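Data block below; observations after.
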Amino acid sequence: MIDLVARQIQILRAIIEEFISTAKPVGSDTIDKKFNIGVSPATIRNEMVYLTKQGYLQKSHISAGRIPTPLALRLYVNELMKEKVIFIPHASLIEYVGLDNIEKFKVPYYGNKHILRFESDRNIERKWLKNAGLKVPKLFESAKDIDRAVIVKFHGAKGGKGYFLAKNEKDFKEKIKHHKGEKDYVMQEYIVGVPMFIHYFYSPLNDELEVMGFDKRYESNVDSLGRVSARDQIALPKVDPSYVIVGNIPIVVRESYLPRIIGMGENVIRESKKLVKGGLWGPFCLETIMTPEGDIYVFEISARIVAGTNPYIHGSPYTWLRYNEPMSTGRRIAREIKNAIKKKQLTMILG
Ligand code: AMP
């Protein structure tokens, strides 16, 4: 931060921290109210103009606030090194900062940065899951091939909005008309079953895989349409099912599934080591659909902590049996770092 004085750094830091926690453009009033900067709002405003000119902030299109640029975020992360910080990745980080910038972070980073690329590349992700012997829903390259119900999923930060089901090419063509210009989507076999998200933690220090818990997504409005009988749904002609997540429901899985679930996680870890040096470690999540036939289809993997671990701030039944003390995924990560420091193996878990 050669070109900034202490006060500007303080304001920039406040803006970045506010942005990271709210994901919204930040205005000078918020900084004045929430942070103890010790200068007038007018001075904060002037400094924000200066920081914008220097390329650390950019104007937002949707409000009067500003958002940090990748340059500012990189600076922030690199500065943190001096404070003995270890960065813990989460989904929003990747969305906001981008993989390229994350790979350039100089701050110590928990987990294997390079695995994120594999997780976010659909084709490699699919190959990874298949090589691990997992059942994955069939993908359709062309609408002509649709021979069963498919779910059409759009990519990016849409979070399940606009997803639709189609039963054949004609149905697909009819429905895709409402998504003009959208090119980035997949057509995946629709699996009827329970969406079950499996939360694992793998420690390379003792080469052990733990099941941290499970959650079921509460999605709007696909999960609420069941509250309306088919007869009454006719009264709601404009309501299409969407898969926007609104919450996470803790769930305990049928016990006889557990050995298979543990085996699935172990296979994912084994295969990850073939993709990139060191493979995957730390928390990860398999997003599955469990069918009445007992099949477990995996439709996605998240190679980091996910929001579905939030119901377990005090731990899940699984972590309780293992640790006999509250063990959230966050605390598990902290414990891993402590153990690594004790064993003088910190480099093993930083990537
Ligand atoms: P995604 O954006 O891939 O995380 O999917 C969002 C939601 O869509 C999931 O939580 C499921 O409820 C549903 N979903 C996604 N893929 C499938 C599938 N292949 N079969 C059935 N439901 C799916």
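The values are calculated or read from the model by the stated rules, or taken from the named source; none is laboratory data. Small disclaimer: the values here were computed from a predicted structure and weren't measured. Cβ atoms come from the backbone with ideal geometry, glycine included; neighbour counts cover every protein chain shown.
For segment 203-226: of the residues being without any contact (Cβ under 8 Å) to a residue 24 or more places away in the chain and not in a loop (DSSP other than H, G, I, E, B), which is nearest to the ligand (Cβ to nearest atom)?
So in segment 203-226, the residues without any contact (Cβ under 8 Å) to a residue 24 or more places away in the chain come out as 206-208, 221-226.
Next, only the ones that are not in a loop (DSSP other than H, G, I, E, B) stay: 208, 221-225.
On the way: E208: 28, N221: 12, V222: 7, D223: 8, S224: 13, L225: 12 Å.
Filtering segment 203-226 for residues that are without any contact (Cβ under 8 Å) to a residue 24 or more places away in the chain and not in a loop (DSSP other than H, G, I, E, B), the one nearest to the ligand (Cβ to nearest atom) comes out as V222.
Applying the selection to segment 227-263, what residues are over 26 Å from H178 (Cβ atoms), hydrophobic (A, V, I, L, M, F, W, C), in contact (Cβ under 8 Å) with a residue 60 or more places away in the chain and not in a helix (DSSP H, G or I)? Before you say what the answer is, go through the steps one by one.
The first filter runs over segment 227-263 and keeps only residues over 26 Å from H178 (Cβ atoms), leaving 247-263.
Checking the rest, the ones that are also hydrophobic (A, V, I, L, M, F, W, C) come to 249, 251-253, 258, 261-262.
Checking the rest, the ones that are also in contact (Cβ under 8 Å) with a residue 60 or more places away in the chain come to 249, 252, 261.
If the condition is that a residue be over 26 Å from H178 (Cβ atoms), hydrophobic (A, V, I, L, M, F, W, C), in contact (Cβ under 8 Å) with a residue 60 or more places away in the chain and not in a helix (DSSP H, G or I), then I249, V252 are the ones that fit.
What helices (runs of 4 or more DSSP H) completely inside segment 17-118 contain at least 2 residues that are hydrophobic (A, V, I, L, M, F, W, C)? Steps first, please.
Details: elements: 28-34, 41-53, 70-80, 91-97, 99-104.
Correct list: 41-53, 70-80, 91-97, 99-104.
Suppose we filter I245, I261 for residues that are at pLDDT 95 or above, closer than 27 Å to K138 by Cα and either among the β-branched types (V, I, T) or in contact with an Asp or Glu (Cβ under 6 Å, 6 or more places away or on another chain) (or both); which single one remains?
Values: I245 fails: at pLDDT 95 or above.
I261 is the lone residue from the list that is at pLDDT 95 or above, closer than 27 Å to K138 by Cα and either among the β-branched types (V, I, T) or in contact with an Asp or Glu (Cβ under 6 Å, 6 or more places away or on another chain) (or both).
I want to confirm something. Restricting to segment 310-328 and keeping residues that are surrounded by 14 or more Cβ atoms within 10 Å (Cβ to Cβ) and part of a loop (DSSP other than H, G, I, E, B), which single residue is nearest to the ligand (Cβ to nearest atom)?
Going through the qualifying residues, I end up with S316.
Checking A307 against (1) buried (at least 19 other Cβ atoms within 10 Å of the Cβ); (2) within 16 Å of the ligand (Cβ to nearest atom), which test does it fail?
(1)
Taking segment 309-349, which residues are touching a Phe, Trp or Tyr at 6+ places or on another chain (Cβ under 6 Å) and at pLDDT below 95?
Within segment 309-349, none qualify.
Which one is farthest from the ligand (Cβ to nearest atom), of the residues in segment 281-302 that are part of a loop (DSSP other than H, G, I, E, B) and more than 16 Å from the chain's Cα centre (by Cα)?
Within segment 281-302, the subset part of a loop (DSSP other than H, G, I, E, B) is 281, 291-295.
Next cut, more than 16 Å from the chain's Cα centre (by Cα) only: 291-295.
Working: T291: 10, P292: 14, E293: 14, G294: 16, D295: 12 Å.
Result: G294.
With respect to I11, determine if the residue is modelled with pLDDT of 90 or more and in the same structural domain as N78 (by TED's automatic domain parsing). Show your work before the answer.
Details: modelled with pLDDT of 90 or more: yes; in the same structural domain as N78 (by TED's automatic domain parsing): yes.
The answer is yes for I11.
In segment 1-21, what residues are hydrophobic (A, V, I, L, M, F, W, C) and surrounded by 19 or more Cβ atoms within 10 Å (Cβ to Cβ)?
Start the filter on segment 1-21 by keeping residues that are hydrophobic (A, V, I, L, M, F, W, C), which leaves 1-2, 4-6, 9, 11-12, 14-16, 19-20.
The answer is I11, L12, A14, I15, I16, F19.
Please state which of the following conditions V186 fails to meet, knowing it meets all the rest: (1) out of contact with any Pro (no Cβ under 8 Å at 6 or more places or on another chain); (2) under 30 Å from L350 (Cα atoms); (3) surrounded by 15 or more Cβ atoms within 10 Å (Cβ to Cβ).
(2)
Can you pull out the residues in segment 122-173 that are surrounded by fewer than 19 Cβ atoms within 10 Å (Cβ to Cβ) and of a type in the set (S, T, Y)?
Scanning segment 122-173 gives a single hit, S142.
Being more than 16 Å from the ligand (Cβ to nearest atom), surrounded by 14 or more Cβ atoms within 10 Å (Cβ to Cβ), of a type in the set (S, T, N, Q) and at pLDDT 90 or above: is that true of N267 here? Steps first, answer last, please.
Working: more than 16 Å from the ligand (Cβ to nearest atom): yes; surrounded by 14 or more Cβ atoms within 10 Å (Cβ to Cβ): yes; of a type in the set (S, T, N, Q): yes; at pLDDT 90 or above: yes.
Yes.
Taking into account only those residues within segment 185-202 that are closer than 30 Å to R332 by Cα and hydroxyl-bearing (S, T, Y), which is farthest from the ligand (Cβ to nearest atom)? Lay out the reasoning, then the answer.
First, the residues of segment 185-202 that are closer than 30 Å to R332 by Cα: 194-202.
Keeping just the survivors that are hydroxyl-bearing (S, T, Y) gives 200, 202.
Values: Y200: 17, Y202: 21 Å.
Checking each candidate, the answer is Y202.
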